[in-house]
Amino acid sequence: MKTVPAATRARDDRAWAFVLILPSLLGIAVFNLLPTLASLGLSLTQWNLLGTPRWVGLANYQELLADPLFSQVMVQTLWFVGASVLIEIGLALAIAVALNRRIRLLALWRTAYFLPVVTSMVAGAILWGWVYDPHHGPLNALIKGLGHPGINWLSDPAWALWAIVFLSVWKNLGYTMILLLAGLQAIPESLLEAARTDGANVWQTFRRVTLPMLSPSLFLVSILSLIHAFQAFDSVYLLTQGGPNDQTNVLVYWLYQNAFLYYNIGRASALAYILFVIILGLTLLQWWLRKRWVVYE
Amino acid sequence: MRRLLCCLLLLAGCAAPQKGLTLATWGSLEEVETLKQVLADFRRAHPAVPVELIHIPDNYFQKLHLLIASGNTPDVIFTNNWQLPVYAEHGVLRDMAQFQPEFSHFHPQAVEAMRYRGKVYALPRDLSNLVLYYNQERFQDRGVPLPHHWRFDDVIRYGKQLVGAEQWAISFDPRPLFWLPYLWSGGGELFDSELTRTRLAEPASVAALQFYADLRHKHHLAPSLIEQGGATPAQLFAQGKLAMFVSGRWSVPAFQKLPFKWGVAAFPEGPGGSVVDADASGWAISRACQDPDDAWQLVQFLAGKSAASRFAASGLIIPARRDVPFEGGDVFVKALATGRPIRTPANWNEVQQAIDKGLEPLWRGEKSAAEVVPALAKRVDLLL
């Protein structure tokens with residue numbers, strides 16, 4: 001048998017590798033890359049789906065930056081993201097710490113907290129629509145029982161955004177909690193014992209040993225939660241439709257309104273790219289900050 | 001090898017695109033059942049023209065936009081007078097004049113509703129207007145005369161006697177379809193005839209809008225948003241919580257099974273008379289259609305006497321044809337005499353959103369019409 005020279009073998013291997021990943025590559029190119037680039041192109045045009053797109057350059061971006069509704073939507077989105085991410089991580093951390101002991105029915109608790117994550121957001125939003133009902137909902141029943149006159153969760157401009165925040169936290173808590181729990185369980189017992197032997201109390205152990213060891217998980221969870229929060233749409237679409245008075249209009253919902261209610265595709269695409277730049281910027285910021293607060297053994 | 005080739009050729013023949021028409025429509029299941037029967041009749045009469053029905057029960061116009069954008073424009077499109085200008089303006093629909101249609105059998109308002117910039121783009125199926133449904137038992141319980149030939153003052157005067165705990169006199173819906181009767185009957189108007197300016201800022205219009213808002217917040221005759229909770233006005237009427245309910249013909253089949261006696265009356269009379277909308281829906285042919293003559297056969301059949309009779313028999317609609325018997329009651333037909341079709345600009349979707357947002361503080365009782373309308377009128381004028 002003739003021996004094949006090494007260079008040819010390597011080339012053959014590479015050729016085969018390329019052929020084998022070609023289906024995946026084509027899929028990503030056609031369904032991910034092409035639409036993303038097309039969207040960039042559309043953001044530089046004006047199109048209402050019925051005619052042909054008309055080139056307008058950066059006009060969509062300029063109009064957006066000059067629109068007062070844009071600043072309102074941005075502020076509300078940032079508010080929503082900040083509130084839901086902080087509450088979510090805080091609660092998830094507390095629950096993960098509480099579940100990180102050899103307690104009975106640990107699997108049951110984990111399932112219970114994770115259940116909202118695997119439920120469809122549509123079902124969850126409809127359920128919470130009933131929970132938030134000002135007359136018959138259990139939430140207001142509880143509040144009225146405590147003496148307060150009751151809150152119109154979805155129709156009061158002051159509370160509507162908080163209603164969406166709570167729904168979002170409820171939905172994603174389990175996911176964050178599971179990741180943090182896994183991170184907690186990966187902390188070597190030896191470190192915690194060493195801290196105990198040195199006389200550290202519970203709070204000191206938590207602050208000086210647990211949190212730093214948990215920082216890689218916290219870093220992961222904060223990026224995921226942030227990206228997810230910026231993309232909030234279903235809850236707003238189902239519960240408040242951006243109202244009342246545009247108080248719950250967040251970026252992705254406004255994008256939907258522009259694209260499919262006003263048929264302004266150029267503007268909607270421009271919004272999508274602004275969102276892309278924001279998320280990219282925040283992620284890069286987090287990567288840069290990583291070196292300063294994430295500890296690796 | 002030859003056999004394989006023959007099979008492949010046969011398959012290729014089967015795969016060739018068939019001549020046929022696509023028809024897009026909205027509608028409840030019952031409506032679509034009736035339509036399917038009509039299409040079965042058509043198939044018997046024209047076996048060479050297969051018709052594929054595209055039923056879009058929800059978000060119809062959004063999906064239609066997307067079908068058009070992706071190059072799959074249906075051949076025959078069911079549309080209404082609110083959205084017709086959008087599609088006509090962008091060249092999606094064919095001018096019916098090329099088929100030389102006969103309009104004598106239709107109510108003139110129906111044909112007018114299908115006209116944009118002088119050209120008729122669709123053959124009408126039905127006329128739609130608003131009447132006042134009332135809960136007869138509630139009126140009798142409170143000793144209030146039935147609301148026939150009422151004026152706006154009567155609504156206020158008698159309405160106060162119809163109110164109770166968790167019970168209101170009249171329905172409230174913030175959508176334009178439902179406040180236009182108040183606007184028109186109050187002597188106001190939405191757009192000028194050229195659709196270049198809004199007439200909402202005129203004193204009569206402002207007063208009319210304020211009257212509607214007052215029903216909720218000054219006289220407490222209509223439930224506020226919070227009082228309504230999650231229920232729709234139709235549900236509230238069916239639950240017996242509303243004495244009167246402004247709605248169209250489409251509520252009749254759903255209300256057949258109500259536990260109380262109800263009737264219909266004409267919309268109350270204001271300073272401008274008793275004026276409600278006279279909207280119409282009809283079938284248009286798209287410009288992208290490859291077989292316009294076949295499509296014309298289909299549209300003629302759908303708007304023809306036998307099909308219209310089937311639709312009218314279901315009780316859901318007022319037929320646009322004059323030669324189809326309609327047993328729905330004089331109230332609907334009389335309202336047609338003074339009815340106006342709503343005229344919308346080609347960018348109606350954006351204009352409607354601006355109007356809805358601008359009027360929202362008024363419907364919530366936070367501002368008065370005089371405060372809200374001037375800024376809104378400026379914004380709408382910019383869009384027009």
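Can you find even one residue in region A:133-149 that is within 21 Å of A:ILE223 (Cβ to Cβ) and surrounded by 13 or more Cβ atoms within 10 Å (Cβ to Cβ)?
So in region A:133-149, the residues within 21 Å of A:ILE223 (Cβ to Cβ) come out as none.
So far as region A:133-149 goes, no, none of its residues is within 21 Å of A:ILE223 (Cβ to Cβ) and surrounded by 13 or more Cβ atoms within 10 Å (Cβ to Cβ).
Taken over region A:14-52, the criterion of being open to solvent by 50 Å² or more (accessible area, probe 1.4 Å) and either among the charged types (D, E, K, R) or in contact with a helix residue (DSSP H, G or I) (Cβ under 8 Å, 6 or more places away or on another chain) (or both) is satisfied by A:ARG14, A:LEU40, A:GLN46.
A Cβ distance below 9 Å, combined with a sequence gap of six or more or placement on separate chains, defines the contacts here; from region B:38-62, residues that are part of a strand (DSSP E or B) reach residues that are at pLDDT 90 or above and hydroxyl-bearing (Ser, Thr, Tyr) in the pairs B:VAL51/B:THR22; B:GLU52/B:THR22; B:LEU53/B:THR22; B:LEU53/B:THR25; B:ILE54/B:THR22; B:ILE54/B:THR25; B:HIS55/B:THR25.
Is it the case that some residue within region B:256-274 is farther than 27 Å from B:ALA207 by Cα, part of a helix (DSSP H, G or I) and away from chain A (no Cβ under 14 Å)? No, that holds for no residue.
Here is a yes/no grid of residues against (1) open to solvent by 50 Å² or more (accessible area, probe 1.4 Å); (2) away from chain A (no Cβ under 14 Å); (3) of a type in the set (Phe, Trp, Tyr):
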{"residue": "B:LEU39", "(1), (2), (3)": "no, yes, no"}
{"residue": "B:PRO47", "(1), (2), (3)": "yes, yes, no"}
{"residue": "B:LEU84", "(1), (2), (3)": "no, no, no"}
{"residue": "B:ALA97", "(1), (2), (3)": "yes, yes, no"}
{"residue": "B:PHE103", "(1), (2), (3)": "yes, yes, yes"}
{"residue": "B:GLY118", "(1), (2), (3)": "yes, yes, no"}
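Evaluated against (1) without any contact (Cβ under 8 Å) to a residue 60 or more places away in the chain; (2) within 14 Å of chain B (Cβ to nearest Cβ); (3) of a type in the set (A, V, I, L, M, F, W, C), A:LEU220 falls short on exactly one condition, (2).
Every residue in region B:345-369 that is open to solvent by 20 Å² or more (accessible area, probe 1.4 Å), under 17 Å from B:THR196 (Cα atoms) and assigned to a loop (DSSP other than H, G, I, E, B), please. Scanning region B:345-369 gives B:ALA346, B:ASN347.
Could you tell me how many of the residues in region A:176-188 are in a helix (DSSP H, G or I) and over 13 Å from A:TRP109 (Cα atoms)?
Within region A:176-188, the subset in a helix (DSSP H, G or I) is A:176-185.
Next, from what is left, pick out any that are over 13 Å from A:TRP109 (Cα atoms): A:176, A:179-180, A:182-185.
Residues flagged as in a helix (DSSP H, G or I) and over 13 Å from A:TRP109 (Cα atoms) within region A:176-188 amount to 7.
Would you check if B:ALA88 is buried (at least 23 other Cβ atoms within 10 Å of the Cβ) and within 12 Å of chain A (Cβ to nearest Cβ)? Lay out the reasoning, then the answer.
Working: buried (at least 23 other Cβ atoms within 10 Å of the Cβ): yes; within 12 Å of chain A (Cβ to nearest Cβ): yes.
Yes; evaluated as a whole, the condition is true for this residue.
Please verify whether region B:277-285 includes one or more residues that are within 14 Å of chain A (Cβ to nearest Cβ), surrounded by 20 or more Cβ atoms within 10 Å (Cβ to Cβ) and within 30 Å of B:ARG216 (Cα to Cα). No: zero hits. A:GLY243 satisfies every condition listed in (1) open to solvent by 20 Å² or more (accessible area, probe 1.4 Å); (2) at pLDDT below 90; (3) within 25 Å of the chain's Cα centre (by Cα) except (1).
Scanning region B:326-384 for residues that are acidic (Asp, Glu) and within 12 Å of chain A (Cβ to nearest Cβ) gives B:GLU350, B:ASP356, B:GLU360, B:GLU366.
Give region B:328-344 a look and list any residue that's open to solvent by 50 Å² or more (accessible area, probe 1.4 Å), in contact with a strand residue (DSSP E or B) (Cβ under 8 Å, 6 or more places away or on another chain), assigned to a helix (DSSP H, G or I) and of a type outside the set (S, T, N, Q), or say none. Walk me through how you get there before you give the answer.
Here is the first cut: in region B:328-344, the ones open to solvent by 50 Å² or more (accessible area, probe 1.4 Å) are B:330, B:333-334, B:337-338, B:340, B:343.
Subsequent filtering for residues that are in contact with a strand residue (DSSP E or B) (Cβ under 8 Å, 6 or more places away or on another chain) retains B:333, B:338, B:340, B:343.
Among the residues that remain, those that are also assigned to a helix (DSSP H, G or I) are: B:333, B:338.
Passing the criteria: only B:VAL333.
Looking across region A:160-178, just one residue is open to solvent by 20 Å² or more (accessible area, probe 1.4 Å) and either under 17 Å from B:GLU360 (Cβ atoms) or touching a Ser or Thr at 6+ places or on another chain (Cβ under 6 Å) (or both), and that is A:LEU161. Taking the criterion of being surrounded by 20 or more Cβ atoms within 10 Å (Cβ to Cβ) and not in a helix (DSSP H, G or I), the residues of region A:247-277 that qualify are A:THR248, A:ASN249, A:VAL250, A:TYR263, A:ASN264. Cβ-Cβ distances below 6 Å connect the following pairs, each with a first residue in region A:244-272 that is over 12 Å from A:GLN231 (Cα atoms), a second residue that is assigned to a helix (DSSP H, G or I) and hydroxyl-bearing (Ser, Thr, Tyr), and a separation of six or more residues or different chains: A:SER269/A:SER39; A:ALA270/A:TYR61.
Being within 28 Å of B:ARG379 (Cβ to Cβ), in contact with a Lys or Arg (Cβ under 6 Å, 6 or more places away or on another chain) and surrounded by 18 or more Cβ atoms within 10 Å (Cβ to Cβ) narrows it down to one residue among B:ALA222, B:ALA243; which is it? I'd like the intermediate steps shown before the answer.
Numbers: B:ALA243 fails: within 28 Å of B:ARG379 (Cβ to Cβ).
Every option except B:ALA222 fails the conditions.
The values are calculated or read from the model by the stated rules, or taken from the named source; none is laboratory data. The model shown is predicted, which means the values in this text are computed figures rather than measured ones. Please note: Cβ atoms are built from the backbone with ideal geometry, for glycine as well, and neighbour counts cover all protein chains shown. Side chains are part of the model used for accessible areas, which takes the heavy atoms of the whole protein and leaves out ligands, DNA and RNA. Shrake-Rupley method; radii C 1.70, N 1.55, O 1.52, S 1.80 Å.
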